[in-house]
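Structure first, commentary second.
The values are calculated or read from the model by the stated rules, or taken from the named source; none is laboratory data. The model shown is predicted, which means the values in this text are computed figures rather than measured ones. Here the Cβ positions follow ideal geometry from the backbone for every residue, glycine too, while neighbour counts run over all protein chains shown. Side chains included, ligands, DNA and RNA excluded: accessible areas come from the protein's heavy atoms. Shrake-Rupley method; radii C 1.70, N 1.55, O 1.52, S 1.80 Å.
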Amino acid sequence: MGNVSASAKPLPSNVPAAPSGLPELPKDLDTTSDTNKSHHDEDRGNPGTMEELHKKCKDVMPTNFEGAKLMIQKGISYHFQVSHTLNLCTSNMSGYRFGAIYVGSKQISPSELFPVILGDIDPAGNVNANIIHQVTPNLRCKFASQIQDSKVAAAQLTTDYKGADYTASLTIGNPNIINESGVFVGHYLQSVTKQLALGGELAYQYGPAVPGGQMAVMSAAARYVNGLATWSATAGLSGLHLCYYRKASDQLQFGVEVETNFRVQEAVGTIGYQVDLPKADIVFRGMVDTNWTVAAVMEKKLQPLPFTFALSGMLNHTKNQFKLGVGLVIGG
């Protein structure tokens with residue numbers, strides 16, 4: 001649900017909303033010094049990270065929730081914000097969570113400050129935590145962890161290095177020295193031209209639960225930008241992922257996504273759209289897929305009050321399932 005203005009001074013734009021699960025990380029920063037770029041490199045530009053390859057298409061898809069949700073956000077200072085979230089639903093996500101976000105004073109750009117520390121905790125002691133820091137203008141590190149039932153359920157460290165026209169990333173997930181298990185993922189994305197970026201991914205997993213003790217999977221990636229349209233694709237042994245995004249106007253954006261899984265021999269196609277009505281302070285996102293699922297989320301700012309009202313609905317015709325959610329965000 002979107003944030004709304006409040007009397008407290010807002011946090012910088014690179015800070016995510018109050019976390020729920022592992023939150024989305026800030027947008028990539030292109031801070032390479034101009035003195036180190038050639039004219040050819042400036043034309044191509046940095047392609048961003050691999051995790052943002054399909055981001056434009058994903059952003060127009062609705063993020064549905066179920067039940068009743070109340071979120072109260074308060075900016076304590078320019079660097080600190082807290083939130084209280086209450087979910088009432090039939091799933092295991094029901095209950096209260098307290099969240100906090102801290103933003104440091106290292107300024108990378110007019111709207112980017114680091115380090116960023118954010119997390120949330122519930123009354124049972126389950127914690128989600130994230131730390132993001134821009135170590136140098138080219139090097140950024142991200143650490144994410146989940147603690148469930150007094151055990152570390154997940155831990156992940158990602159390092160991104162951004163050059164003039166490429167990005168290299170390395171992710172280490174759930175390393176366990178005692179059980180000798182873990183996951184290593186390497187990404188590389190290169191700007192071939194200003195419109196075209198090509199790259200690849202190598203994922204390596206080892207441990208007693210892996211068939212044969214270890215396995216490696218490679219995949220290729222591409223993105224082509226032509227004005228207001230963006231094509232992106234990843235292809236590997238596990239499947240094919242295709243996305244198309246277009247900004248039709250200032251009020252309308254839409255995306256088309258196709259995901260295939262070769263192992264289970266299935267494919268899902270999705271069409272999503274986003275409608276912005278600034279004069280009415282309404283943002284509407286909807287989607288329909290080939291599994292006969294229809295979903296939508298509407299967000300409405302209740303000006304001049306610092307409130308945002310959200311309505312979520314999802315219906316699957318073949319499974320006869322229906323989920324409805326109502327939410328209210330207070331503060332920002």
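List the lysines whose alpha-carbon lies under 18 Å from that of Lys247, not counting same-chain residues fewer than 8 positions away?
Lys55, Lys56, Lys58
Relative contact order of the range 55-118, please, whole-number percent, based on alpha carbon pairs below 8 angstrom and at least 6 residues apart.
On the way: 94 pairs, mean separation 13.9, N = 64.
It comes to 22 percent, rounded to a whole number.
With a sphere of radius 14 Å drawn around the Cβ of Asn291, what net charge do the other residues whose Cβ falls strictly inside it have (Lys, Arg +1; Asp, Glu -1)?
After counting each charged neighbour, the total is -3.
With a point put 7 Å past each Cα toward its Cβ, work out how far Tyr206 is from Gln107 in nm, to one decimal.
4.6
Place +1 on the Cβ of every Lys and Arg and -1 on the Cβ of every Asp and Glu in the chain, take the dipole about the Cα centre, and give the residue among Ser219, Gly269, Tyr166 whose Cα lies farthest towards its positive end.
Of the candidates, Gly269 comes out farthest on the positive side.
Please report the net charge: other residues with Cβ closer than 14 Å to the Cβ of Phe65, K and R +1, D and E -1.
Values: positive: Lys69, Arg97, Arg285, Lys323; negative: Glu66, Glu299.
With Lys, Arg at +1 and Asp, Glu at -1, the net is +2.
Can you compute the modelled spin-label distance between Ser249 and Lys74, with each label point 7 Å from Cα toward Cβ, in nm?
If labels sit at Ser249 and Lys74, their model points lie 4.3 nm apart.
Could you grab the relative contact order for the chain? Cα pairs under 8 Å, six or more apart, rounded to a whole percent.
Result for the chain is 18 percent.
What is the range 118-230 by shape, rounded, prolate or oblate, if you read a ≥ b ≥ c off the alpha carbon gyration tensor as root eigenvalues and call it rounded for a/c under 1.5, prolate for a/b larger than b/c, and oblate otherwise?
oblate
Which label marks the calculated value of volume of the Cα convex hull per residue in Å³, given the options (1) 144; (2) 160; (3) 168?
(2)
Toward the positive end of the charge dipole of the chain, about the Cα centre and with charges on Cβ (Lys, Arg +1; Asp, Glu -1), which of Leu157, Pro208, Tyr244 goes farthest?
The listed residue farthest towards the positive side: Tyr244.
Pairs of Cα atoms under 8 Å, at least six residues apart: use those to get the relative contact order of the range 217-322, whole percent.
About 14 percent, as a whole number.
About the Cα centre of the chain, how large is the charge dipole given +1 on each Lys and Arg Cβ and -1 on each Asp and Glu Cβ? Please answer in debye to the nearest 20. Numbers along the way, then the final one.
Details: 26 positive and 27 negative charges, 121 e Å.
Here the chain has a charge dipole of around 580 debye.
Considering only protein heavy atoms and a 1.4 Å probe, what is the carbon-and-sulfur percentage of the accessible area of the chain?
60
Taking a Cβ-Cβ separation under 4.7 Å as the criterion for a possible partner, which cysteines of the chain have none?
Lone cysteines by the Cβ rule: Cys89, Cys141.
Using the Karplus curve 6.51 cos²θ - 1.76 cosθ + 1.60 with θ = phi - 60°, work out ³J(HN,Hα) for each residue of the range 158-169 in order, rounded to whole Hz, and write x for Gly and Pro.
Couplings: 10, 10, 10, 10, 10, x, 5, 9, 8, 9, 10, 9 Hz.
How much area per residue is accessible in the range 80-232 when the probe is 1.4 Å and only protein heavy atoms are counted (Å²)?
53
So what is the accessible area of the range 246-332 per residue, in Å², with the probe set to 1.4 Å?
61
Can you find, among Val256, Asn316, Gln303, the residue sitting farthest towards the positive end of the charge dipole of the range 243-332, where Lys and Arg contribute +1 and Asp and Glu -1 at Cβ?
Gln303
Over the alpha carbons of the range 231-332, what is the largest minus smallest coordinate on each principal axis, giving the biggest first in Å?
Result for the range 231-332: principal-axis Cα extents of 52, 33, 22 Å.
If you add up the charges near Thr90, with Lys and Arg at +1 and Asp and Glu at -1, over every other residue whose beta carbon is less than 15 angstrom from its beta carbon, what do you get?
Local charge sum for Thr90: +1.
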